[in-house]
DNA sequence: GACAGAAACATACTGACGGTATGAAACATA
DNA sequence: TATGTTTCATACCGTCAGTATGTTTCTGTC
């Protein structure tokens, strides 16, 4: 019987070819591993997720995993990076929609970050496990991260005179950390819907107060 | 030769008696375990700390550890609880010193929390490892925790009219999370001293703005 | 003070998991 | 087609959290 490796003569070129190139093979494996890892890390958490489980779900063995990743920590780092990129995309999108008003843009970016961080899976990866598993330095040195975006938005708002002049770093920490904690609190509130509404209302007041400050 | 169990006839009663009571034995062992665990958790981190290492440092075996604690997680929980109690004591002290002014008291409490959280060992336990190891619910249900103190302070400031009326929860999250993130950023700044000064200056402005808000 | 029972610990062991070593299969290049 | 490299599979090791069981130390009672 044929071993099912019949060539797909479709026009898309997206189905696996009869003889996939090494790059394609590699990419597919990495993709499978990342998807499996993300699913398990997001639900069971970093510590409770075994690499064997990841490999089984991805349909490969540890040989493949350790060929593409240096270890569990680096695998998680890759998952975390992707998550940050997805979050950053949402933030940027919300920010750019009202970029004409520098301070309002920061508000919309903050709202986007808060709402995106309500997903328990996102929380588990980015807020609970990442600090302990990666450390602060590794989280910062990722190229794309949401804290950096927050900083840039605030710095721009200051440059444009939308809020009183000040160093941008302290406010960045307060806002970014505050939003992260808010996200954790909101989803665990008795009424998450109401809690989110309250959080956004308060965030609005906070932004207004900051803009009005001397 | 005598087995060195000569009774200490000192007046203090603090030295180990010739026949220590079970309570004393227990307490001493628990104390040794907690001290050893806190030292290792604070430096190497939760995951990198083995219970064997804790036992060796404490001068006991795993039999003793598992007699007093249900497992690694619970041991860490006990260490974390102590840390929170210490922090809460510092916060309360700073708060009460200026309790007459409800909002200023919250500021002083916040400053105390921020400054206390600059210690890398405190950070490692309370900010990096605790969320992943304990989870949010377990961190909240501790009886004594700093977030609760923040909430009470803010709620009181609202009741007393020191800041505009609003629900206390959202602001609690923003402030507590912001301070935590600030502590992590400050100690990793190029010039921590200057970063702390900037953070406190900005915190002052934030408090003024919140008090002035409509 | 002898003794039964319980509390406080010690010792030996197991299973699971992260990581490594080594070899085979798939692909690339000539 | 032959050779080297990439990609992965398999077998194995060390470590560590947790358990099972035995031993010592204390407590209450006669």
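For the reader, a short list of remarks on this structure follows.
- Restricting the calculation to Cα atoms, region A:64-114 yields a radius of gyration followed by a Dmax of 15.9, 49 Å.
- Per residue of B:135-143, other chain Cβ atoms within 10 Å of the residue Cβ number 2 on average.
- For chain A, the mean residue ellipticity at 222 nm estimated from helices alone is -23000 deg cm²/dmol, where every DSSP H run of n ≥ 4 contributes -39500 (n - 2.57) and the total is divided by all residues, rounded to the nearest 500.
- Cα long-axis angle, helix B:168-187 against chain B (0 to 90 degrees, to the nearest 10): 70
- Here the residues A:49, B:43, ranked from fewest to most Cβ neighbours within 10 Å of their Cβ, fall in the order B:43, A:49.
- Gain on full stretching of the segment that runs from residue B:138 to residue B:187 - 0.36 nm per residue minus C-alpha separation: 14.9 nm
- Within 10 Å of the Cβ of each residue in A:34-46, the mean number of Cβ atoms contributed by other protein chains is 0.
- Remark: the residue B:160-residue B:101 segment gains 20.3 nm on full extension, using 0.36 nm per residue and subtracting the alpha carbon distance.
- Between region A:151-208 and region A:17-57, the Cα center-to-center distance that results, in Å: 35
- Note on chain A: GNM, Cα springs under 10 Å; of A:20, A:167, A:120, the largest mean-square fluctuation is that of A:20.
- With the label put 7 angstrom out from Cα along the Cα-to-Cβ vector, residue B:20 ends up 6.3 nm from the copy partners, going from closest to farthest.
- Relative contact order of region B:23-69, pairs being alpha-carbon contacts under 8 Å that are 6 or more residues apart, as %: 42
- Each Cα pair under 8 Å and six or more residues apart adds its separation to the average, and for chain A the resulting relative contact order is 18 percent.
- Legend: translational diffusion of chain A by Stokes-Einstein, Rh = Kirkwood radius over C-alpha pairs, 20 °C, 1.002 mPa s; D = 109 µm²/s.
- Just checking the listed ones, A:138, A:89, A:78: in the Gaussian network model of chain A with Cα springs under 10 Å, the one fluctuating most is A:138.
- What separates the residue B:99 label point from its copies, with the point 7 Å along Cα to Cβ, is 5.2 nm, written shortest first.
- Take residue B:86, push a point 7 Å out from Cα through the beta-carbon direction, and compare it with the same point in every other copy: 3.9 nm, smallest first.
- With Cα atoms, 0 to 90° folded angle of helix A:130-140 axis to chain A main axis: 70
- Choice from A:39, A:100, A:64 showing the highest fluctuation, given a GNM over chain A with Cα pairs closer than 10 Å: A:100
- Each of B:151, A:66 was scored by other Cβ atoms within 10 Å of its Cβ. Listed from fewest to most, they are A:66, B:151.
- Counting 0.36 nm for each residue step from residue B:43 to residue B:204 and taking away their Cα separation leaves a gain of 54.7 nm.
- Among B:104, A:198, A:121, the ranking by other beta carbons within 10 Å of each residue's beta carbon, starting with the fewest, stands as A:121, B:104, A:198.
- For the protein assembly as shown, average projected area of the Cα convex hull in nm²: 31.4
- Average beta carbon contacts from partner chains per residue of B:163-175, 10 Å cutoff: 6
- Relative to the longest principal axis of the Cα atoms of chain A, helix A:192-212 runs at roughly 50 degrees.
Here, each number is a calculation from the coordinates, and none is a lab measurement. Keep in mind the model is a prediction, meaning the values are calculated, not measured. Here the Cβ is made from the backbone with ideal geometry for all residues, glycine too, and neighbour counts use every protein chain on show.
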